[in-house]
Amino acid sequence: MDLRQFLMCLSLCTAFALSKPTEKKDRVHHEPQLSDKVHNDAQSFDYDHDAFLGAEEAKTFDQLTPEESKERLGMIVDKIDVDKDGFVTEGELKSWIKHAQKKYIYDNVENQWHEFDMNQDGLISWDEYRNVTYGTYLDDPDPDDGFNYKQMMVRDERRFKMADKDGDLIATKEEFTAFLHPEEYDYMKDIVVQETMEDIDKNADGFIDLEEYIGDMYSHDGNADEPEWVKTEREQFVEFRDKNRDGKMDKEETKDWILPSDYDHAEAEARHLVYESDQDKDGKLTKEEIVDKYDLFVGSQATDFGEALVRHDEF
């Protein structure tokens, strides 16, 4: 699949993953775990390193000396302190952690950026995106692959305009990221809900009824007996999805379903890091407080060596 086809599929499939007829299609966006490590500071700070830096970046610190690790951590602190007041608050730390955890998204945008920024001005206009993505496809009234490109372009343009905060039809890198990954941005959540409803609402009445809900997840495909999980989903719709019991989901009910208010792992980790590092207990961190507690935030050869000794003793 080339880039154009991938992005066209993306425009139709952003809010869900394609699946086999007998497998459950999941449209719900959950906040991912910050690390697959066990969060037990009595054993190691590996979880905190992954949470603070992202798992891949955390590995690079393990190769540094303590001095190098502290120096790089100090530079990171300067980035976290967005308002440059000399302190890192829980809010700034939470924002940093969320950004670190989404690095794969920013890398994905970075990899695609040069394909669309045709004039290399550091911005992507709607015209640039449209021409690169659709190009001559719009001139073909009956494409072989069955895509309705004009309909897809209208949908993409609507999302592009939503992501484009200043309304100039020119996207910065952050706005283009919001366009490609709308589920990651609060101001884009309405478009995620709208596109999801359009995908599922087959009779176009502005609601999702029970059969549309089930039909989006499961196709009978000649099978008379539904899998047990389908029966469970029917019960879920009646008991939890359709909150006002009118037999269908409206926009707010759909939003509660696909964008649930999950436990905020980044907020909890930010609170934990501040609590463990805040020496004067003023509720915020100086660079010195963070660097003094560097082994909590980042790894180094020293911390790895210490853990290796522990493992050796266990054997």
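In segment 25-48, the residues that are of a type in the set (D, E) form Cβ pairs under 6 Å with partners that are open to solvent by 50 Å² or more (accessible area, probe 1.4 Å) and part of a loop (DSSP other than H, G, I, E, B), at six or more places apart or across chains, as follows: E31/D262; D46/K37.
The set of residues in segment 155-172 that are more than 19 Å from the chain's Cα centre (by Cα), open to solvent by 40 Å² or more (accessible area, probe 1.4 Å) and not acidic (D, E) comprises R158, K161, K165, G167, L169, I170. Scanning for something modelled with pLDDT under 95 and closer than 30 Å to E276 by Cβ, does segment 177-184 turn up at least one residue? Yes, because at least one residue in segment 177-184 is modelled with pLDDT under 95 and closer than 30 Å to E276 by Cβ. Filtering segment 145-154 to residues that are open to solvent by less than 70 Å² (accessible area, probe 1.4 Å) and either among the aliphatic types (A, V, I, L, M) or under 21 Å from the mean Cα position of the chain (by Cα) (or both) leaves M152, M153.
In segment 166-225, which residues are of a type in the set (S, T, Y) and assigned to a helix (DSSP H, G or I)? Break it down into steps so the answer makes sense when it comes.
Filtering segment 166-225 for residues of a type in the set (S, T, Y) gives 172, 177, 185, 187, 196, 213, 218-219.
If the condition is that a residue be of a type in the set (S, T, Y) and assigned to a helix (DSSP H, G or I), then T177, Y187, T196, Y213 are the ones that fit.
Residues of segment 230-249 that are in contact (Cβ under 8 Å) with a residue 12 or more places away in the chain and open to solvent by 90 Å² or more (accessible area, probe 1.4 Å): K243 alone. Just name the residue that is nearest to K284 (Cα to Cα) out of those in segment 54-80 that are touching a Phe, Trp or Tyr at 6+ places or on another chain (Cβ under 7 Å) and open to solvent by less than 60 Å² (accessible area, probe 1.4 Å). Taking the candidates together, the pick is I80.
For segment 173-197, give me the residue count where each residue is surrounded by fewer than 16 Cβ atoms within 10 Å (Cβ to Cβ), in contact (Cβ under 8 Å) with a residue 12 or more places away in the chain and more than 27 Å from Y213 (Cα to Cα). Number satisfying all stated conditions: 1. Where helices (runs of 4 or more DSSP H) fall wholly inside segment 76-138, the ranges with 3 or more residues that are under 28 Å from E157 (Cβ atoms) are 103-116, 126-133.
Give me the helices (runs of 4 or more DSSP H) completely within segment 250-297, filtered to those with at least 1 residues that are without any contact (Cβ under 8 Å) to a residue 12 or more places away in the chain and more than 27 Å from T65 (Cβ to Cβ), ordered by residue number. First the steps, then the outcome.
Numbers: elements: 251-258, 265-277, 287-292, 294-297.
In segment 250-297, 251-258, 265-277 are the helices (runs of 4 or more DSSP H) which contain 1 or more residues that are without any contact (Cβ under 8 Å) to a residue 12 or more places away in the chain and more than 27 Å from T65 (Cβ to Cβ).
The values are calculated or read from the model by the stated rules, or taken from the named source; none is laboratory data. Note that the structure is a prediction, hence the values are computed from the model and not measured. Cβ coordinates were reconstructed from backbone atoms using ideal geometry, including for glycine residues, and neighbour counts include every protein chain displayed. Ligands, DNA and RNA are stripped out before the accessible areas are found, and what is left, the full protein with its side chains, is counted by its heavy atoms. Shrake-Rupley method; radii C 1.70, N 1.55, O 1.52, S 1.80 Å.
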